[in-house]
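Only one structure is covered here, and it is reproduced in the block below.
The values are calculated or read from the model by the stated rules, or taken from the named source; none is laboratory data. Keep in mind it's a predicted model, so treat the numbers as computed, not measured. All Cβ positions, even for glycine, are placed from backbone atoms using ideal geometry, and neighbour counts span all protein chains on display. Just the protein is used for accessible areas: all its heavy atoms, side chains included, with ligands, DNA and RNA removed. Shrake-Rupley method; radii C 1.70, N 1.55, O 1.52, S 1.80 Å.
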Amino acid sequence: MAFIDEVKARAKQDIKTIVLPEAEDLRTLEATEIALKENYAKIVLIGDKENILAKAKENNLNISDATIIEPEKSEKYEEYVRYNPIYERD
């Protein structure tokens, strides 16, 4: 078994959620489709939902099982804006 196949097999045993902030990048959308199709991760895409879905559609990518979060339209917008990890460090 190739190394990458071993990594994927281990990932399938303990499905994690991966958050991808550069969701309008074609490579990100291609990786999302593969991860969802092969069922080794749940995917959360951050960005403009309309643009993300349009880019996926124009490239014939199925990302329908991904969660898309638009920070500007989220109920948690103020929380996202206030959070700064720099202040969390000791």
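Which residue pairs have Cβ atoms closer than 9 Å, lie 6 or more positions apart in sequence or on different chains, and pair a first residue in segment 69-84 that is within 19 Å of Lys49 (Cβ to Cβ) and open to solvent by 100 Å² or more (accessible area, probe 1.4 Å) with a second residue that is in a helix (DSSP H, G or I) and modelled with pLDDT of 80 or more?
Lys73/Lys49
In segment 48-62, which residue that is part of a helix (DSSP H, G or I), farther than 14 Å from Glu33 by Cα and in contact (Cβ under 8 Å) with a residue 12 or more places away in the chain is most open to solvent (accessible area, probe 1.4 Å)?
The qualifying residue most open to solvent (accessible area, probe 1.4 Å) is Lys49.
Take the residues of segment 7-29 that are more than 11 Å from the chain's Cα centre (by Cα), in a helix (DSSP H, G or I) and not polar (S, T, N, Q): which is surrounded by the fewest Cβ atoms within 10 Å (Cβ to Cβ)?
Out of the qualifying residues, it is Arg27.
All but one of (1) free of Cβ contacts under 8 Å to residues at least 12 places away in the same chain; (2) of a type in the set (D, E, K, R); (3) surrounded by 11 or more Cβ atoms within 10 Å (Cβ to Cβ) hold for Asp65; which doesn't?
So Asp65 meets the others, but not (1).
What single numbered condition from (1) part of a helix (DSSP H, G or I); (2) touching a residue at least 12 places away in the same chain (Cβ under 8 Å); (3) β-branched (Val, Ile, Thr) fails to hold for Val44?
(1)
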